[in-house]
Structures are given as structure tokens and as C-alpha cells.
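> Let me give you the structure first, and then I'll get to my questions.
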């Protein structure tokens, strides 16, 4: 077993857990806010798609909870709300609903690492970009 990986993970966990809000670069915060708006906008757009509506109806049949479903008044259990909300946020970036399957920045866990040009007819990888706060 590789013993270096747990050590690196522990160091990273210590660094993150000891950080404060003031330690975060302001440009990283602004970029994070942009990603949050991006994912919420996609969730609102994805809420009207047939598959998303069907998923919500199915999740409602599993029972009610305390966690709100975005762009809807429903409340589901936490796992069910995560399923529906994340589906809505990413379904707006599917090949059937967007001109490029790459999707918005929020559709990737590291959006600055794998940028794509999502303009119509431009579904190709662009140059590798750096995080905007670097």
C-alpha cells in the first residue's frame, strides 16, 4: 500500500481545516460565487426538462423531507433532494439541451483545468487554462 497518499491527504486536510475565510484569495471567492450562480441557473433551466420533471415525481413518491428542491416548492429527504438538484443542474448541460456536451463550468469539478468552447459549432477543447485567481 502506498503510504505517501494518506500523508498527503492528512496534510491537505490539516491545511483546509485550519484555514479561515480571510485566508481565501478574493479572486477565488468571486470565482466561487460565479460557479454557484452558474449551477443555480442551470438547475432552473434543467427544471423544465421532461426527464427532470419525471425524476422529481419519482422522488416525491419516495417520501417528503426537509430539504428544498431548487426551482420548485417541493421538499425531499437530503439524498433525494441532492439527486434531483444535481440532475437539474447538470441536465441543462446535456448534449440534447446544449450545443456542446462539455457543459458549463459547474459541470466539471475543476473547470479551469479542462476548458471547452461551448459556442454553437465549437464543441472542441480549447487551450488549457489556469485558475483565474493564479
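Read the figures in this text as sums done on the coordinates, not as results from a lab. Bear in mind the structure is a predicted one, so any value in this text is a computation, not a measurement. Using ideal geometry, Cβ is built from the backbone for each residue, glycine included, and neighbour counts are taken over all protein chains shown.
> Viscosity 1.306 mPa s, temperature 10 °C: Stokes-Einstein D of the range 49-91 from its Kirkwood Cα radius, in µm² per second?
On the way: Rh = 9.9 Å.
Rounded to a whole number, D works out at 161 µm²/s.
> Go through 6-14, 42-50, 73-81 and give me the packing order, highest mean Cβ count within 10 Å leading.
On the way: 6-14: 10.0, 42-50: 18.4, 73-81: 15.7.
Listed from highest to lowest mean packing, they are 42-50, 73-81, 6-14.
> Can you tell me how much longer the chain between residue 75 and residue 37 gets when fully stretched, taken as 0.36 nm per residue apart minus their C-alpha distance, in nm with one decimal?
11.6 nm
> Follow-up. Pop the C-beta distance of residue 86 and residue 58 into the FRET formula with R0 = 22 Å and round what comes out to the nearest 0.05. Numbers along the way, then the final one.
Values: r = 15 Å, r/R0 = 0.67.
So, using R0 = 22 Å, E works out to roughly 0.90.
> Then there is this: Please give the Cα centre distance for the range 33-97 versus the range 8-23, rounded to the nearest Å.
Cα centroid of the range 33-97 versus Cα centroid of the range 8-23: 31 Å apart.
> Same structure, new question: Which distance in nm do the two modelled labels at residue 5 and residue 30 give, with both placed 7 Å along the Cα-to-Cβ direction?
3.8 nm
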